[in-house]
Every structure is written in C-alpha cells, then in structure tokens.
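A.B. asks: Please read through the structure below; I'll follow up with questions.
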Amino acid sequence: MELLKPEKTPSLPDTVGERVRSARPCGSDRHTREHDPAFFRVLGEIAQILNQSSHEQDQLNKVLSLVAGATCSQGAALYKKSLTNGGGCRLELMANWLEQHSHSPPSACLVGLQSTDISPSQWKRLEQGESTTLCFQGREARVEGLVTPLFPDNQLSGLLIPAGMQPTPATMDFLWSVARVFELWMGKLNLEKRLTDVINFAPTPTFVMNADEVITDWNRATEEMTGWKAERIVGKGNYENGIPFYDERRPTVSNLIMYPDKLWESTYPEFQRAGDEIHSIAYCPALPGGGAFLSCKTMKLYDTGNRLVGAIHTVRDITLEREMKKSLHRSESMYRAISDFASVGIMVFDGAGIVYYNERLATFMGIHEQEISLTDFLDWIHSEDRMQIETHVNALLQGHHANLRFEFRAAHKCCLRSYRALAQLMEYDDRPAIHLILDDVTEQKEVARKARLNELRLYHEDRLIALGAMAAGIAHELNQPLNTIRVVTDGFLYGREQCWELVPEELFDGLAMVSRQIERMTKVIQNIRNFAREDRGAALEEVNANRAIENTFSMIGHQLEAHGIRVEKDLTVGLPPIKANLNRLEQVIMNLVVNARQALDACQRTDKRLWIKTGSNNGSVYIEVSDNATGIPDDCLIKIFDPFFTTKEVGMGTGLGLSISQSIVAEFKGRIEAFNNDRGGASFLVTVPRGM
Ligand code: ADP
C-alpha cells in the first residue's frame with residue numbers, strides 16, 4: 001500500500017492539531033460550543049442504522065458515507081482490531097466509503113491498512129484515547145487520515161478513519177460523538193458474539209429466533225442433531241426451522257410460544273404452557289436415523305423494556321428413554337402378572353422404604369390401596385419375631401449375606417400365620433436394596449408338624465416293640481446276677497442255720513460278689529432306660545462306635561447266646577470318634593442285630609453266626625453287621641428301607657426298623673447300605689464321617 005509516514009506531527013491548523021492530539025473531549029467542553037443541528041440529525045440517523053444492523057455491509061458503508069459527508073472527508077474506513085495467537089494485533093476492515101469524484105481519493109490506501117503501518121508511538125497514543133494522523137498517498141496528492149480509537153468495553157478494539165477531513169471544532173466534536181456510537185454498537189456486537197459462543201458451547205441442541213420468527217442462533221449440538229449447518233438456516237424465517245425436524249414449513253413450539261395456535265398446539269403431545277415457558281414432546285420424523293421423539297423446552301425472551309424479542313428453544317432426544325421406559329413398563333407388568341399368579345408376596349425395599357410391592361403382599365398384610373411403608377411391614381410382624389427380621393434386613397443391606405431364608409409369624413385376618421421369606425440383595429437406583437419373596441406356609445407347617453408327631457410316635461412304638469423283643473433277653477440279663485446274689489446270700493443263711501462258724505474273709509468275698517452283681521444289673525437297667533428315652537433332635541456329640549456296640553450287646557448279648565447264635569466281634573482299637581448321638585446309634589445297631597437274630601431264628605442252620613466289625617477309612621468310620629442266615633431276595637433289596645416294608649408275620653415286624661435307622665444315620669451325615677454276603681446271609685454297612 002502507499003502509505004507515507006508523517007515525519008512530524010501532521011500539518012493541521014494549530015487549533016485543530018492540538019485538538020486532534022488531545023484525548024477525547026469531556027462533555028462540559030462540548031456543551032459550551034454551538035453546533036449545527038444537521039450534525040445531530042446525522043448522528044441520530046447513524047445511531048438508528050447501527051442499532052438495527054449487525055454486520056450488513058451496505059448499512060455500514062452508508063454509515064461511513066454519512067460520517068464522511070458530515071465531516072467533509074473524501075473517504076472513511078472502519079477497522080476492527082483483534083489479537084493474534086502470537087500476542088500481536090491485526091487490523092480487519094469492517095466497512096469503508098470512498099468519494100467517487102474526489103481529486104485525490106486515498107484509493108486502496110485507506111482499505112489496506114496493516115497494524116504495522118501504525119508506529120508504536122502512534123499505537124501508544126491511540127491506547128491512551130488520543131487520535132493520530134496517518135498520511136496516505138492518493139492518486140494526485142497526499143491525504144491525511146485521522147485515526148480515531150474506538151473503545152467498546154474499555155478495550156481498544158476499533159479504528160474509525162476519516163480521510164482528507166477538514167477538521168473544525170464542530171466536525172471534531174461530531175467525530176468523537178460518532179466514535180461513541182460506534183463503541184456502543186461494537187459493545188453490542190461483542191455481547192451478541194459472547195451469547196452466540198455460549199449457546200454454541202451448550203451441549204443441548206438449542207436455537208434462538210427473534211420476534212419476527214427469524215432464526216438468529218443455531219448451535220453446534222442442533223447442527224449435529226439435525227444435520228443442518230447454522231449458515232443454512234440462520235437468518236431464515238417463514239417457518240423454515242420446521243424443515244429440519246418435519247420436512248415441511250410448520251410452526252415449531254418456539255413459534256407457538258410467541259404466536260399461540262390451538263390447532264398446531266394440539267399436534268404436540270404433552271403440550272404444557274406455564275407462563276412464558278412451554279414443555280412439550282414432539283415426534284420429528286425428518287431427524288436423521290428415521291425420526292426421533294424430542295422433549296422440547298421453550299422460553300420467551302424479553303428486552304430490558306419488557307418487549308418480546310424472541311424465543312429460545314432447547315430439545316432433548318428421548319427416543320431411547322421412551323423405548324426403555326416402555327420395555328421397563330412391559331417387564332414390570334409381566335413381573336407383576338407372574339408374581340400375582342405365583343400367589344407369593346413380593347416387595348423391594350431399600351434402607352429408606354418400600355419401593356415396590358405386589359397386590360398379594362398387601363392382601364397378606366390386610367392393607368389395600370394404600371402405600372405400604374417399611375414401618376407398616378415391621379409392625380405387621382409378630383413382636384417376638386420382629387427383632388430377628390430387622391437383624392436379617394440390616395445384615396443383607398450391609399452386604400454380610402447375598403441372600404437369606406427365614407420364617408416369621410404375622411397377623412392375618414385376626415389369627416397368627418407363618419410366612420417363609422427368601423430375601424436377596426439387589427441393586428435399585430444404584431443403591432443396595434432387598435428383594436423379598438413371602439409365602440404363607442401356615443398349612444404346610446401344620447402338615448409337617450403332624451407328620452413329625454406321627455413319625456415320633458412310630459419311632460417310639462418301634463422302639464417299644466424292639467424292647468418287647470428284647471424282654472426275654474433282659475429277663476435273662478437280670479436273672480443271672482440275681483441268681484448269683486441268691487446263691488451267695490442263701491449260702492450264708494444256710495450256714496447260720498447249721499451254726500457254721502462264719503469266717504470274715506468268706507463274708508467279705510460274698511459281699512463283694514453281691515456288689516458286683518448289683519453293679520451289673522444297674523448297668524443293664526441304665527442301658528434299657530437310655531434305649532427307651534425319647535431324645536430325637538438332641539445335639540450331636542463325639543461318640544465312639546465301639547462303645548455303642550458294647551452297650552447294645554450288654555443288653556442283648558445273652559439273648560443271642562440263648563438263641564444259639566455265636567457272636568464274633570472285630571472292633572478296631574483306637575477307633576476315631578464320630579459326630580453322632582450315642583443312644584440313637586445304639587438304636588441303629590440294635591435294629592440291625594435284632595433283624596439278624598430274627599433271620600437266623602427263621603433259618604434251619606445249626607452254626608448260626610453274627611459278625612460285627614468296626615474300622616475306619618477315608619475319613620469315615622464304619623460298622624458292619626453280618627449274619628449267615630438266608631440273605632435278602634433281590635426284589636426286596638430295593639424296598640427294605642421303605643417305611644412299612646416287612647416280610648415278617650404280624651406282630652413280629654413293623655417294617656420301620658431300617659427306614660428309621662436310615663434317617664438316624666442320615667442325621668449323622670452318614671449312610672447305610674445292605675448287600676448279600678458270601679456266607680449266604682445279609683450284611684449291613686453303616687458309614688459315618690469322622691467327628692474331627
Ligand atoms: P421289620 O424288621 O420290622 O420287618 P425292617 O425295616 O427292620 O422291618 O426290615 C425290613 C425287611 O428287611 C425285613 O422284613 C426283612 O425282610 C429284611 N431284612 C432286614 N434285615 C435282614 C436280615 N439280616 N436278613 C434278611 N432279611 C432282612
């Protein structure tokens with residue numbers, strides 16, 4: 001560009017030169033001077049044009065022509081000063097006007113100004129709010145440009161340069177006034193830019209329209225959602241904003257907030273107007289991906305004078321949300337249907353309260369059509385069980401267990417019923433919650449109670465029958481010591497009759513013999529009492545299987561002898577203990593031995609034998625009872641453990657011995673098996689895990 005740097009202060013008339021170099025005038029100074037009213041008219045016209053336009057080049061050029069006209073300049077330019085990334089500054093021409101018929105128009109010089117064309121000292125002056133002159137080479141002569149700084153928002157952001165101006169105090173005052181109007185206008189532009197940046201930055205699709213329904217902002221998120229770039233739609237009215245969403249010009253919610261139309265409003269589901277806001281759902285078939293459901297929020301915008309200036313509109317794609325809600329609703333209904341069909345009470349509660357319950361639960365609790373609270377639920381539980389339930393609930397919520405089963409009693413229709421609960425830890429709204437399934441087990445429990453009573457009765461009966469079968473043996477057991485006592489005591493009495501001299505040693509030997517026999521009888525009686533005792537359900541303890549065998553044989557051993565049966569015991573010394581109950585283990589051994597005796601009684605053999613053996617292997621202790629009678633027919637082998645299965649005559653067997661023995665051994669976590677041995681008889685193998 002052709003630009004001549006002034007060698008010294010520009011050659012302006014003294015008064016003007018001084019005025020130009022000074023800082024902008026203060027108001028009082030201006031008021032003292034008389035001005036041409038034409039200046040005020042032009043100033044008003046400029047202000048009006050700038051207020052209405054933002055960037056429109058024609059309008060800006062017109063403003064500059066007015067400035068040039070009023071100041072008798074040959075041309076005028078408006079520059080924007082901005083910062084570069086490197087920290088320097090850049091000048092950008094915003095508008096210019098050049099007089100066509102000027103003899104010496106500054107031609108291109110005025111429009112190609114660079115920041116470096118202004119010297120640092122001139123920049124310094126401009127920063128301080130003072131004007132400075134630049135010399136441009138026109139076609140025929142040099143032209144001086146009066147560079148006037150513009151300070152919108154207190155920053156040097158623009159330069160207004162009339163060229164070839166004939167400065168007078170009045171034109172200078174006019175120029176400063178025009179500069180003020182430009183500053184206000186640039187401040188407004190800055191604000192608008194900031195607002196546009198903020199709207200652009202917002203992650204929610206947002207657009208703004210003015211009161212004439214012309215789109216003024218269309219942010220990046222809206223571009224992404226619609227596929228329509230801002231430049232394609234900003235500045236457009238006539239319902240053009242409907243096209244990206246509906247493929248046609250039509251009022252969107254943002255139009256309807258300013259200009260209500262009942263018919264159009266009815267096309268939007270959930271359309272709700274509240275004061276200056278509208279919330280609505282819109283189905284927009286033209287959106288990429290085959291259309292979408294949007295949640296729309298629109299608000300009217302007012303200026304400081306409370307005049308409607310437009311509306312801001314934000315949307316959120318809720319298609320997925322709606323789908324999820326729908327499928328959640330579907331699975332919830334299905335869950336409800338299943339749970340009601342299953343006739344179980346179901347509820348979900350987090351630490352704070354019940355978040356879900358089904359109808360059945362309400363029926364159990366006797367509550368209808370009312371919100372059930374956790375307190376209601378706990379109050380419903382029988383007071384004796386309540387604390388236990390609270391403990392379970394807390395243990396689950398604190399993550400000590402993943403699930404728990406428990407029972408409790410609660411009132412139902414004025415009577416107490418029993419409920420079984422399965423409680424499981426789950427997540428609800430990112431918080432731990434408990435899913436509880438309740439079943440009314442009152443009837444079930446009653447049936448189980450009766451069955452148990454029956455079982456106990458049968459068990460007891462079977463034991464009494466066994467005792468009956470043992471009666472002869474018991475009599476024999478007691479008879480023997482009694483006979484011995486009788487022989488000893490009768491001997492002494494006979495000696496007294498015969499006046500024999502009593503030797504003290506003989507007396508004491510006799511008494512010792514009597515005492516031993518009494519002790520033997522006491523043991524037999526104690527064993528019989530133990531055997532008849534009802535102790536099912538007693539805690540398990542460490543038991544030595546050999547001891548159980550010895551106790552049993554102390555009751556029945558002689559009976560076997562009397563039946564001509566030879567017993568062979570092979571009891572392992574140092575047998576590890578098992579977790580069992582001595583009395584019940586004796587009951588099992590007694591059943592097996594009595595069965596063997598009965599089988600041997602029924603067979604024709606002369607060498608009747610019974611073997612009983614103990615040992616341990618693989619962490620278990622075993623007891624094997626075998627006989628050499630006739631064994632068990634194959635078709636019976638699978639039935640002998642069934643309750644009431646017997647091959648014996650009425651009065652000889654109940655068919656319960658083996659089934660009860662099996663359930664006792666199962667209580668010890670062991671098992672019992674039957675097989676035919678190679679001696680021709682049957683063998684029963686009881687295996688129980690070691691106690692330690
Ligand atoms: P019960 O002895 O009252 O019949 P159990 O349950 O004790 O009832 O025995 C069921 C059946 O098993 C017996 O009736 C019998 O047929 C068969 N049984 C049990 N032990 C033996 C054995 N040692 N030898 C042959 N059969 C046996």
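A.B. asks: Sort 430-440, 152-162 by packing, meaning the average of other beta carbons within 10 Å per residue, with the highest value first.
C.D. replies: Per-residue Cβ counts within 10 Å, averaged per peptide and sorted highest first, yield 152-162, 430-440.
A.B. asks: Same structure, new question: Can I get the semi-axes of the range 616-684's equivalent ellipsoid? Compute them from the C-alpha gyration tensor as square roots of 5 times the eigenvalues, in angstrom, largest first.
C.D. replies: Value: 22, 17, 9 Å, ordered largest first.
A.B. asks: How high is the relative contact order of the range 343-438, in percent, with contacts defined as C-alpha pairs under 8 Å that are six or more residues apart?
C.D. replies: For the range 343-438, the relative contact order is 30 percent.
A.B. asks: Assuming 0.890 mPa s and 25 °C, estimate D for the range 138-232 with Stokes-Einstein, Rh taken as the Kirkwood radius over Cα pairs, in µm²/s.
C.D. replies: Taking Rh from Cα pairs, D becomes 148 µm²/s.
A.B. asks: Ranked highest first by average number of other Cβ atoms within 10 Å, how do 111-118, 578-585, 660-667 line up?
C.D. replies: Ranking, from highest mean packing down: 578-585, 660-667, 111-118.
A.B. asks: Let me ask something else. Which whole-number percent gives the relative contact order of the range 495-654, counting Cα pairs below 8 Å spaced six or more residues apart?
C.D. replies: 19
A.B. asks: Using only Cα atoms and rounding to the nearest 10 degrees, what angle (0 to 90) does helix 57-70 make with the longest principal axis of the chain?
C.D. replies: 40
A.B. asks: Using only Cα atoms and rounding to the nearest 10 degrees, what angle (0 to 90) does helix 582-602 make with the longest principal axis of the chain?
C.D. replies: Compared with the principal axis, the helix lies near 50 degrees.
A.B. asks: What do you get for Rg/Rh over the range 320-380 if you use C-alpha atoms and the Kirkwood form of Rh?
C.D. replies: 1.04
A.B. asks: I've got another one for you. If you project the alpha carbons of the range 254-371 onto the principal axes, what extent comes out on each, in Å, largest first?
C.D. replies: For the range 254-371, the Cα spread along each principal axis is 64, 36, 30 Å.
A.B. asks: How would the chain be classified by its alpha-carbon gyration tensor: rounded, prolate or oblate, with rounded meaning a/c under 1.5 and the a/b versus b/c comparison settling the rest?
C.D. replies: prolate
A.B. asks: Report, please, the projected area of the range 567-674 averaged over directions, based on the convex hull of its C-alpha atoms, in nm².
C.D. replies: So the Cα hull casts an average projection of 7.6 nm².
A.B. asks: Next question, about the same structure. Give or take rounding to whole Å, what are the principal axis extents of the alpha carbon atoms in the range 406-445, in descending order?
C.D. replies: Sorted largest first, the three principal extents are 39, 19, 10 Å.
A.B. asks: Same structure again: Using a cut-off of 16 Å between alpha-carbon atoms, which lysines can reach LYS579, once sequence neighbours fewer than 8 places away in the same chain are excluded?
C.D. replies: Qualifying lysines at Cα under 16 Å: LYS669.
A.B. asks: Which pairs break 31 Å Cα to Cα here: LYS124/LYS229; LYS193/LYS300; LYS445/LYS523; LYS523/LYS639; LYS297/LYS325?
C.D. replies: LYS124/LYS229; LYS445/LYS523; LYS523/LYS639
A.B. asks: Largest first, please: the extent of the C-alpha atoms of the range 156-201 along each principal axis, to the nearest Å.
C.D. replies: Extents along the principal axes: 48, 16, 12 Å.
A.B. asks: Determine the distance separating the Cα centre of the range 298-364 from the Cα centre of the range 158-233; give it in Å without decimals.
C.D. replies: A separation of 43 Å, based on Cα centres.
A.B. asks: Any idea what angle helix 383-397 forms with the longest principal axis of the chain, computed on alpha-carbon atoms, 0 to 90 degrees, nearest 10?
C.D. replies: Compared with the principal axis, the helix lies near 50 degrees.
A.B. asks: If we sort 207-217, 479-489, 286-296 on the protection proxy, mean other Cβ atoms within 10 Å, highest first, what's the order?
C.D. replies: Ranking the peptides 207-217, 479-489, 286-296 by packing returns 207-217, 286-296, 479-489.
Where a number appears in this text, it was derived from the coordinates with a stated rule and is not lab data. All values reported here derive from a predicted model rather than from experimental measurement. Cβ coordinates were reconstructed from backbone atoms using ideal geometry, including for glycine residues, and neighbour counts include every protein chain displayed.
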